[in-house]
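Worksheet: one structure, shown below.
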Amino acid sequence: MTLELGASAVPSVPVDVPPLPVAEVAWRHRHILDVDVLSWPEIELVMHTTDAMKEVLARPISKVPALRGRNVTILFYEASTRTRVSFEVAAKNLSADVVNIAAASSSVSKGESLVDTIRTVEALGAQMLVMRHGVSGAPYLAADHFGGSVLNGGDGWHAHPTQALLDLYTMRERLPDGSLVGRKVVILGDILHSRVARSNIWSLTAAGADLWLCGPATLLRGLERWASASARIPGHGRFQVTSDLSAALADADVVMALRIQKERMASGLLPSLREYAARFGLTLDRLALAKPDALVMHPGPMNEGVEIAPDVATHPRAVITDQVSNGVAVRMALLYLLAGTLERHGPGEEGHRG
Amino acid sequence: MTLELGASAVPSVPVDVPPLPVAEVAWRHRHILDVDVLSWPEIELVMHTTDAMKEVLARPISKVPALRGRNVTILFYEASTRTRVSFEVAAKNLSADVVNIAAASSSVSKGESLVDTIRTVEALGAQMLVMRHGVSGAPYLAADHFGGSVLNGGDGWHAHPTQALLDLYTMRERLPDGSLVGRKVVILGDILHSRVARSNIWSLTAAGADLWLCGPATLLRGLERWASASARIPGHGRFQVTSDLSAALADADVVMALRIQKERMASGLLPSLREYAARFGLTLDRLALAKPDALVMHPGPMNEGVEIAPDVATHPRAVITDQVSNGVAVRMALLYLLAGTLERHGPGEEGHRG
Amino acid sequence: MTLELGASAVPSVPVDVPPLPVAEVAWRHRHILDVDVLSWPEIELVMHTTDAMKEVLARPISKVPALRGRNVTILFYEASTRTRVSFEVAAKNLSADVVNIAAASSSVSKGESLVDTIRTVEALGAQMLVMRHGVSGAPYLAADHFGGSVLNGGDGWHAHPTQALLDLYTMRERLPDGSLVGRKVVILGDILHSRVARSNIWSLTAAGADLWLCGPATLLRGLERWASASARIPGHGRFQVTSDLSAALADADVVMALRIQKERMASGLLPSLREYAARFGLTLDRLALAKPDALVMHPGPMNEGVEIAPDVATHPRAVITDQVSNGVAVRMALLYLLAGTLERHGPGEEGHRG
């Protein structure tokens, strides 16, 4: 696959991968707020575009002029190194100008103020806005008022679409035949409060995986109901919810451990980190329940010794740094695809640059 | 008007606008510390150069090589998003390299230390220095010791020249015949502690506006004396000072509400935000006293519901986001004009880069 | 000397300077962790490369494409303006893409976590990593796990190699015959806790200087033993350790005052800043003990009135801002030399981007 990265048009890419066979698909989205609105062919287009970006990253000078002169503003209301830097590097690799804004959550107390901030950021020249916010849904509000493209870098407990896409890309890259269909994938930990889990449920079931969510019962609350409701809707993904760690890990193809937040103990949902580690920590012994070549994943940053043992984190089957490096390529792909939409259709009704 | 943005010379621009008719003017300033030293033709030159920058911003790739290889350092001793990002985007649009330094006020306790910081920043390569400082006059001290150009991004209660210039530009752009002469402009709020108001007094009276300053008596202290002194000096601007909101708003062409700082209540100058909102908040009812097509302005960030009602902030007559986007263009214009001065005359006696 | 700054090969440079006569030397280091592993010809190569970088800095547009498309990540676990900005400007002058990460020390409590951070930063695309850390040795741990080049920007009390190299460059540039051989250099202050002093001991004794370390006895602890051990090893540098300020300053060619940290008083090592200033502060009277043309140096930031009097800090013999501007050139030279090593030999066994 070849992309003309200096050109403005987004190519139509032949996509011939299960579960949905299609011949061609054009990118039509202006924002990336979650993965739930992406059709399978669109997800495939992201994957193929990511392949092209990985080729770029493998060059001695991994910089292409695709977004030259574009302003990508990274507005983070929560501290982050990994996701913020990943977007920054992705944008700079495409030759965009990057502006970082670290906003203290405290200065935004009302929805109106967030809208003011979004209007201001746009008036300052932002054409693409990467946003992380502690309140679920905040990027949707931003998208309603921003004339360019909004990329959700994580909102509350709701969604983290770029993480789900990089997770999917990493699994496809590392699984023997590059397909998730029928593969047993286990997400292990605090599912209830995890935007990573929530977005992954959408993309992994769409990819045809046999998805299992596992953790303490207090951190799975309400997910059983989602699972059974989802199973009744044709075309919706099915997944298992259980606190039985052995059942979940048995013959798994992929095990993804989630970070345990210390706040969960203050709220009484977890007795202690030590007890969590004892009951649900991913150790070598437990990993032995999975398939011999099972992949180990983690969105980072890791609490080694809590949700994942140090020798599992550095295990040859761990693809945790692959997730990070693929994250840069996935975000390059998304920025590239969204920029193409903006160029063909122009900004939204709010207009940008006046 | 056409500017050769890749070239080094600053063009002489025909200026034929009241109140001062002139044929040509050359830019001669090395710093922008306040608007009070700018002659009217110089202000006109800034306005015309801003027009050219707005043309640049309207291009698909709004980047020109004017300041390629120049180092613009943004040294802010007070938190700011809007002004900092505006300067950063302006400098990057001109292809400058931008260095951000967020300095904690606490680490600068003595004047000597500020001078050391300025010398260090210059030795590190800064050729243009954008500075915000909590102490009035600090950028003047910096200019005494810096070999390049200093741009004041706000100092204490003293001055905020780029805000005044972007306000002036926005009014001229939106008022029917592009002139402020005889137009009634009301600045509403905490005039006493506002560097925005202070700089605007200079530029708006120079533009020939009928300027009214309005707010609670405790926040106007001393301004009556300034007004009457100013009125006695030939060539100096005249303005009204009043706490009578209805008289101020009557038939106004422009109403600019200022942000109310919560610190004012701690110091006993304001009883409460609620009382301020009740007596001086800009509501739709009060705005009806102004002319039907009066402009609504605010330097941001807004306390909606305090100094400005939400439905006024988003009113069709509000030009608040225009102020923000024009701010980028005005700052591009100033950086461009100052860079021309540096190139023709070289750095100051302190020298730069040794 | 001419360097092809757009080309990838590192030239072999004729080095014919005492104390070690050599004809040619090739740069073989992948990291800069301290100066102690640099041979004298290698130090000379850094000096000559710095000369070339100063020529670049003297150009109207001081930007060369040497590191175009390279990712230089600046990961600082301690607050810093001077060193961080110096590296940032150096990297940008070489056209690298720079990513800044300000890491709170508190979030890194275990060695494993630092290793995870290093792996993540590399997976995010960092090819050269500039690192400052409060724990001595941390950059060595980073170098063990990072596939590119690590540059130590200061670790605990241990080392600050780029500071030592810029100090050496500044002395050679300003001393009459450009040589340190036999020159009396005094480092004055809190030697015990100073990474600047520690790195300078290596490079200055290698340069053949007559080095004296002077300060209160509590801040020299253990250094006498180092001095006498060092003197017994052939080829190792000799230096004097004394609390006798007059003896140290007598006929000195260079006097370098170090910053006194206020924390030293909390730990009982210093009675008060006032007493330190009275007994060891570098005043004009004391400077008169040195040679008439002695150089005054300080790594900054200065506590004027404590370790250095204001009139000494701004004395014509003070080369403190030269140190800062030479620091940019030295760091450009090091980034350039390290990049050449990476290109010839490829990244380490950990690999990068892949």
* To do: For the stretch B:113-118, take each phi angle, set θ = phi - 60°, evaluate the Karplus expression 6.51 cos²θ - 1.76 cosθ + 1.60, and give the result in whole Hz per residue in order, putting x for glycine and proline.
  => 5, 4, 4, 4, 4, 5
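From the C-alpha coordinates alone, can you work out the Kirkwood hydrodynamic radius of the protein assembly as shown, in Å?
Its Kirkwood hydrodynamic radius stands at 31.5 Å.
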* **Cα centroid separation, the stretch A:79-105 to the stretch C:311-333 (Å)** => 33
* To do: With springs only between Cα atoms under 10 Å apart, run a GNM on chain C and tell me which of C:V330, C:V25, C:V130 wobbles the most.
  => C:V25
* With label points built 7 Å along Cα→Cβ from the Cα atoms of B:S136 and C:D251, find their separation and express it in nm. => 5.7
* Calculated FRET efficiency for the pair A:Q261/C:S39, C-beta based, R₀ 45 Å, to 0.05 -> 0.35
* Asked: Taking 0.36 nm per residue of separation and subtracting the Cα-Cα distance, what length does fully extending C:E55 through C:H345 add?
  -> 101.6 nm
* **Contact surface C-A: accessible area buried, both sides summed, square angstrom, 1.4 angstrom probe** => 1700
* **Alpha carbon centroid spacing (whole Å) that separates the stretch C:139-153 from the stretch A:138-158** => 37
* May I ask for the net charge around C:Y140, where only other residues with Cβ less than 10 Å from the Cβ of C:Y140 are counted and Lys, Arg are +1 while Asp, Glu are -1? => -3
* Asked: Could you sort B:E78, C:E263, B:E307 by accessible area so the largest value comes first, with the probe set to 1.4 Å?
  -> C:E263, B:E78, B:E307
* If you roll a 1.4 Å probe over the stretch B:267-336 with all protein chains in place, what percent of the accessible area is carbon or sulfur? -> 55
* Can you list the residues of the stretch B:69-85 whose accessible area drops by at least 20 Å² going from the chain on its own to the full set of protein chains, with a 1.4 Å probe? -> B:G69, B:T81, B:R82, B:R84, B:V85
* **Cross-link partners of B:K63 among lysines (Cα-Cα below 27 Å; sequence separation of 8 or more within a chain)** => A:K63, A:K92, B:K54, B:K92, C:K63, C:K92
* To do: Name the residue farthest towards the positive end of the dipole of the protein assembly as shown from the options C:I74, A:L342, C:A58, assuming +1 on Cβ of Lys and Arg, -1 on Cβ of Asp and Glu, about the Cα centre.
  => C:I74
* Probe 1.4 Å, all protein chains present, accessible-area order of A:S194, C:S267, largest first -> C:S267, A:S194
* For chain B, what is the charge dipole size about the Cα centre, in debye to the nearest 20, if Lys and Arg each add +1 at the Cβ and Asp and Glu each add -1 at the Cβ? -> 400
* **Nearest beta-carbon to the C/B symmetry axis - residue in chain C, distance in Å** => C:N100, 5
* To do: Among the lysines, select those whose C-alpha is under 21 Å from the C-alpha of C:K184, and discard any that sit fewer than 8 residues away in the same chain.
  => C:K291
* Asked: Restricting attention to the alpha-carbon atoms of chain B, what are Rg (one decimal) and Dmax (integer), both in Å?
  -> 20.0, 61
* Beta bridges per DSSP with both ends in chain C, % antiparallel, nearest 5 -> 10
* **Teacher prompt: B:Y140 distances to equivalent labels in other copies, 7 Å Cα→Cβ, nm** => 5.4, 5.4
* Asked: GNM on chain A, C-alpha springs below 10 Å: top fluctuator among A:G327, A:G215, A:G125?
  -> A:G125
* To do: Just the ratio, please: alpha-carbon radius of gyration of the stretch C:103-261 over 2.2 N^0.38 Å, N its number of residues.
  => 1.18
* To do: Sum up the charges of everything whose Cβ sits under 15 Å from the Cβ of A:V254, counting Lys and Arg as +1 and Asp and Glu as -1, but leave A:V254 out.
  => -1
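Where the eigenvalues come from the Cα gyration tensor of the stretch C:114-165, what are the semi-axes √(5λ) of the equivalent ellipsoid, largest first, in whole Å?
One finds semi-axes of 19, 12, 7 Å for the stretch C:114-165.
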* **Length added when fully stretched, B:A26-B:S272, from 0.36 nm per residue minus Cα-Cα** => 83.7 nm
* Structure fact -> With a Förster distance of 25 angstrom and the Cβ-Cβ distance between A:E173 and A:S228, calculated FRET efficiency to the nearest 0.05 equals 0.15
* Over the stretch A:33-187, what is the mean sequence separation of C-alpha contacts under 8 Å (at least six apart), divided by residue count, expressed as relative contact order in percent? -> 22
* Measuring with a 1.4 Å probe in the full set of protein chains, what accessible area per residue, in whole Å², belongs to the stretch C:171-262? -> 39
* Threshold 40 Å², the stretch C:299-344 residues less accessible with all protein chains present than alone (1.4 Å probe) -> C:E304, C:T321, C:V324
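The values are calculated or read from the model by the stated rules, or taken from the named source; none is laboratory data. This structure is a prediction, so every number in the text was calculated from the model and none was measured. All Cβ positions, even for glycine, are placed from backbone atoms using ideal geometry, and neighbour counts span all protein chains on display. When the accessible area is computed, the model is the full protein with side chains, heavy atoms only, and any ligands, DNA or RNA have been set aside. Shrake-Rupley method; radii C 1.70, N 1.55, O 1.52, S 1.80 Å.
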